Amino acid sequence: MEIPSTPWREQEWKLAEAVAAAPATARWRKLPGAVRHVFTHFSLELAVVRGRVRPGAAAEGEWCGLDRLDSHALPSVMRKVARHVLAAQ
């Protein structure tokens with residue numbers, strides 16, 4: 001299980017590029033700050049965007065409510081992303 005993401009690359013994604021890769025239509029906005037994570041072979045810094053999707057809207061992937069997020073096995077980097085989004089609310 002994973003939070004939707006663009007492929008990781010060295011150059012920063014422009015917001016319009018990231019939105020084009022989004023799994024659903026929403027009003028996406030970049031959150032302040034970044035998520036940093038260190039793997040054994042590289043360091044990663046993620047800019048995070050957030051959008052609200054209407055209930056019942058078409059969206060790719062499997063989705064769950066925020067109240068059920070803890071019931072899914074998320075990799076540690078994705079847990080950091082979730083905490084970042086929730087802290088920005």
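Read the figures in this text as sums done on the coordinates, not as results from a lab. All values derive from a computational prediction rather than experimental measurement. Because the Cβ atoms are built from the backbone with ideal geometry, glycine has one as well, and the counts that use them run over all protein chains shown.
Which of the trypsin sites (Lys or Arg not before Pro) across segment 1-85 are loop residues per DSSP, with 13 or fewer other Cβ within 10 Å? If you can, show how the numbers build up before the last one.
Details: sites: 9, 14, 27, 29, 30, 36, 50, 52, 68, 79, 80, 83; in loops: 9, 14, 27, 52.
Counting only loop positions with at most 13 other Cβ atoms within 10 Å, the trypsin sites (Lys or Arg not before Pro) in segment 1-85 are 9, 14, 27, 52.
Between residue 76 and residue 11, the contour length at 0.36 nm per residue exceeds the Cα-Cα span by 21.1 nm. Here the Debye sum runs over all C-alpha atoms of segment 1-56 as equal scatterers in vacuum, and log10 of I(q)/I(0) at q = 0.17, 0.21, 0.24, 0.25 Å⁻¹ comes out as -0.61, -0.89, -1.10, -1.17. Its DSSP H runs of at least 4 residues, each contributing -39,500 (n - 2.57), put the calculated 222 nm mean residue ellipticity of the chain at -5500 deg cm²/dmol, to the nearest 500.
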